[in-house]
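A short write-up of the structure that comes next.
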Amino acid sequence: MIKSTDELTPQELVTIFQARTAVFVVEQECPYQEVDEADRHALHVCLEENGELQAYARILEEDEAIHFGRVLVVKKYRGQQLGRKIVATTLSEIEKRYPDRPVIISAQAHLVDFYRSFGFEQNSEVYLEDEIPHIEMLLQNGENG
């Protein structure tokens, strides 16, 4: 399922926000404003099975580039290569909707090799975002997958 915020049902939106809060605030012990203004204009990419959210990412369009983030796999579905599947699905949707636009992400530093496997290149030094080491990574659209 890929929907804009306005296309999501209230129940779908609550499910997404619950999953994101569980991973990014509770599991990572990182208190921050997880639901933000960007959610108002985001595209939400969801992998589901039997009505249950398994993996998620959000896509944000900006003037100079396309961004995606909040990539997660729900805890009970980990270890099934769904991280690769959600990123591949997200990149495919970006290529379809925004051809030839660069993709910039803020990757947690321990995931650099994972994102390199999709063609991303390191675009910054390590920096802290909400006390977690991150690295900006860049993909020239059209080079993914």
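The values are calculated or read from the model by the stated rules, or taken from the named source; none is laboratory data. Here the structure is a predicted model, which means the values were calculated and not measured. Note: ideal-geometry Cβ built from the backbone for every residue, glycine included; neighbour counts use all protein chains shown. Areas reflect the complete protein model, heavy atoms only, side chains present, ligands, DNA and RNA absent. Shrake-Rupley method; radii C 1.70, N 1.55, O 1.52, S 1.80 Å.
Is it the case that some residue within region 89-99 is part of a strand (DSSP E or B) and closer than 20 Å to residue 136 by Cα? Taking every residue of region 89-99 in turn, none turns out to be part of a strand (DSSP E or B) and closer than 20 Å to residue 136 by Cα. Looking only at region 33-59, residues that are within 13 Å of residue 5 (Cα to Cα) and open to solvent by 20 Å² or more (accessible area, probe 1.4 Å) come to 6 in all. Scanning region 2-32 for residues that are hydroxyl-bearing (Ser, Thr, Tyr), surrounded by fewer than 13 Cβ atoms within 10 Å (Cβ to Cβ) and within 22 Å of residue 85 (Cα to Cα) yields one hit, 4. So which residues in region 61-102 are over 23 Å from residue 27 (Cα atoms), crowded, with 16+ Cβ neighbours inside 10 Å and touching a helix residue (DSSP H, G or I) at 6+ places or on another chain (Cβ under 8 Å), if there are any at all? Within region 61-102, 66, 101 meet the criteria.
Scanning region 103-127 for residues that are farther than 24 Å from residue 37 by Cβ, open to solvent by less than 20 Å² (accessible area, probe 1.4 Å) and not in a loop (DSSP other than H, G, I, E, B) yields 112, 115.
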